[in-house]
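Worksheet for the structure shown next.
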Amino acid sequence: MASITNEIESIAEVVEPLFPGANVYYQRIPAEPKMNELSIRFIAGGSSSETNYHYRLDHDFQIVYFGRNEFDCLTKFEALERKLNDGFLIPIKGSLRYMRIGSFSFSQPFKTEGGANAILGVLNVEVREARTQQQYEKIAVVNPRIN
């Protein structure tokens, strides 16, 4: 079973290499953002029943980057968009399971109130979870008899 914090860390493992040397923040945006800072945070979620055996979790994550200028922001997010579209799956940290990428969209770069250049994106992922199933006692001994 995946947790939201584990999903954030899993996304970070895919995203961080595209932002070398960036200070990365989980689940918060710095009060006074500086150049080359990255924030990854959970913003929304929901679930849908798919079968009697499993359900689907739809989670949205916000990725915010503070860059040198507008071109730096656009360049970094274009590279991120390509990587996410090429990968299609994000391995869940510490598990053999994965998150399926639903969509990724991003805004035009903008200046924050403090004067930093920023761009934000929203990553939608799907995770399928098995429902809790009733456990039955196993058969301990089987004695076959042939007539």
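The values are calculated or read from the model by the stated rules, or taken from the named source; none is laboratory data. Being a predicted model, the structure only gives us computed values, none of them experimental. With ideal geometry, Cβ positions are generated from the backbone for all residues, glycine too; neighbour counts draw on all protein chains shown. Heavy atoms of the whole protein, side chains included, go into the accessibility calculation; ligands, DNA and RNA do not. Shrake-Rupley method; radii C 1.70, N 1.55, O 1.52, S 1.80 Å.
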Whole-angstrom Cα spans of the chain along principal axes, big to small: 87, 24, 22
Under 30 Å between alpha carbons: how many lysine pairs meet that in the chain, if sequence neighbours fewer than 8 apart on the same chain are excluded? 8
Antiparallel DSSP bridges in region 1-60: what percent, to the nearest 5? 60 percent
In the chain the DSSP beta bridges are antiparallel at a rate, in percent to nearest 5, of 90 percent
Find how much the distance from N36 to N69 grows on full extension, using 0.36 nm per residue of separation minus their present alpha carbon separation; answer in nm with one decimal. 10.9 nm
Net charge, I4 excluded, C-beta distance under 13 Å - Lys, Arg +1, Asp, Glu -1: -3
Region 2-147 - percent of accessible surface contributed by carbon and sulfur, probe 1.4 Å: 51 percent
Charge tally in the Cβ shell below 14 Å around D60, where Lys, Arg are +1 and Asp, Glu are -1, D60 excluded: 0
Do any chymotrypsin sites (Phe, Trp or Tyr not before Pro) in region 45-147 lie in a DSSP loop with no more than 14 other beta carbon atoms within 10 Å, and if so, which? Y53, F88, Y136
Loop-resident GluC sites (Glu not before Pro) in region 71-132 with no more than 13 other Cβ atoms inside 10 Å, DSSP not H/G/I/E/B, are E113
With all protein chains present, calculate the accessible area of S105 using a 1.4 Å probe and round the result to the nearest 10 Å². 70 Å²
Would you mind working out the accessible area per residue for region 1-102, using a 1.4 Å probe, and quoting it in Å²? 57 Å²
Rounded, prolate or oblate: which fits region 1-61, taking a ≥ b ≥ c as square roots of the Cα gyration tensor eigenvalues, rounded meaning a/c under 1.5, else prolate when a/b beats b/c? prolate
How big is the accessible area of L74 in square angstrom, nearest 10, if you roll a 1.4 angstrom probe over the protein chains? 60 Å²
Counting other C-beta atoms within 10 Å, and keeping those with at most 10, which DSSP coil trypsin sites (Lys or Arg not before Pro) do you find in region 1-63? R28, K34
Cα-centre dipole for region 33-144 with unit charges at Cβ (Lys and Arg positive, Asp and Glu negative), debye to 20: 280 debye
What is the gain in length, in nm to one decimal, between N147 and Q62 on full extension, counting 0.36 nm per residue of separation less the C-alpha to C-alpha distance? 23.7 nm
Paramagnetic reach from S95 (point 7 Å along Cα→Cβ, amide N under 15 Å) across region 49-67: 54-60
